[in-house]
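No lab work stands behind these numbers, since they all come straight from the coordinates. Not measured: the values here are computed from a predicted model. So basically every Cβ, Gly included, is an ideal-geometry build from the backbone, and we count neighbours across all protein chains shown.
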Amino acid sequence: MYHDEEEIEELLFDYLSDLFQTFNPQHMEEVIDLVQSRISQSMGNILSHPFTIEEVKDALFQMHPTKVPRVDGIQASFAKDLGI
C-alpha cells in the first residue's frame, strides 16, 4: 500500500508512462487509412480556420467562473474581470 505522496506520484507517473509510450509503430499511414474519418472535409476546413477574439470571448463567458481552462491554474473569472 502506498501512503507517501511521492510514492503515489511516482507510481502514477510510471503507470501512465508505460501506458502512453510508443514502441516505434510501423506502417501507421496504412493503419490510419483504414480508420473511417469522423470529420468531413468541410468540417476540417472550419476547424482549421483561426479563431476570432469574439469566439474566445463567447467561450470564456460561457464557462463557470471557477473553471480553469489552462494548466496555469488561472480561473475563468480572472480573465472576465480583466474585461477580456
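Points worth noting:
- Pair L12, F61: separation of 7 Å Cα→Cβ label points (nm): 3.6 nm
- Computed lengthening from N24 to N45, 0.36 nm per intervening residue step minus Cα-Cα distance: 4.5 nm
- In sequence order, calculated HN-Hα J values of the stretch 12-29 (Karplus, 6.51, -1.76, 1.60; Hz; x Gly/Pro): 5, 4, 4, 4, 5, 4, 5, 5, 9, 7, 9, 10, 6, x, 9, 6, 4, 4
- Taking a ≥ b ≥ c as the square roots of the eigenvalues of the Cα gyration tensor, the stretch 1-61 is classed as oblate, since a/c reaches at least 1.5 and a/b does not exceed b/c.
- Whole-Hz ³J(HN,Hα) from phi, Karplus 6.51 cos²θ - 1.76 cosθ + 1.60, for the stretch 44-51, glycine and proline x: x, 4, 5, 5, 8, 6, x, 7
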